[in-house]
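A.B. asks: Before I ask anything, let me first share the structure, which is written out below as structure tokens.
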Amino acid sequence: MEASTTEEAMASLEMLLRNSGATVRRLGPEEFQRDRERWRELYGPALGRPAWSWSRQGYDWHVFSYHRHEAVEGEVAEQAMENSTAHTHRFLVLSARDGVHVGFEVEAAHAIDLAPLADDWTLLAEDGSWSMTWTADGEGPFFAKP
């Protein structure tokens, strides 16, 4: 079930990350905004809009569900993330909803599945080379490269 508040979303995500053995640091508001804008610059140009105005209905992941940016979905996405995390151990976890301004810097030895949260989250490789997004709507998950 989708968290109803930013604090609930943050607490649920942080608990899942720490229980997965990850080292976690909360992003400050400016860091979150900077990293969300970076994600939007990497994946948003397909909509032909400035990075700050492209979100669809308040959910960034619509860029994938509306097929505006190439992505693989479901089990194929999960396998692609597994393969990619073999070489990437530092991630950013960002809310994929406009109304929730939550983000973490994460270091982990393995992929972390955010599906149990049943909410809108994006895992971005620190270098921006790939992204994995889960949704509260049961679509996805979506794995993409810029």
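A.B. asks: As an exercise, find the ratio Rg/Rh for the chain from alpha-carbon atoms, using the Kirkwood inverse-distance average for Rh.
C.D. replies: Answer for the chain: 0.92.
A.B. asks: Step by step: find N for region 77-144, compute 2.2 N^0.38 Å, then divide the Cα radius of gyration by it. What's the final number?
C.D. replies: My calculation over the Cα atoms of region 77-144 gives 1.01.
A.B. asks: Comparing T133, T122, T23, which has the greatest mean-square fluctuation in the GNM of the chain with Cα pairs linked when under 10 Å apart?
C.D. replies: T23
A.B. asks: If we count every other residue with Cβ under 9 angstrom of F91's Cβ, Lys/Arg +1 and Asp/Glu -1, where does the sum land?
C.D. replies: So the environment of F91 carries a net charge of -2.
A.B. asks: Springs between alpha-carbon pairs under 10 angstrom, Gaussian network model over the chain: which of D98, D127, D35 fluctuates most?
C.D. replies: Fluctuation is largest for D127.
A.B. asks: Could I ask something else about it? Starting from the Cα-Cα distance between E70 and R38, subtract it from 0.36 nm times their residue separation and give me the gain in nm to one decimal.
C.D. replies: 9.8 nm
Computed from the coordinates by the stated procedures, all read-outs in this text should not be read as laboratory data. All figures in this text were calculated on a predicted structure; none of them were measured in a lab. FYI the Cβ positions are ideal-geometry reconstructions off the backbone, even for glycines, and counts take in every protein chain you see.
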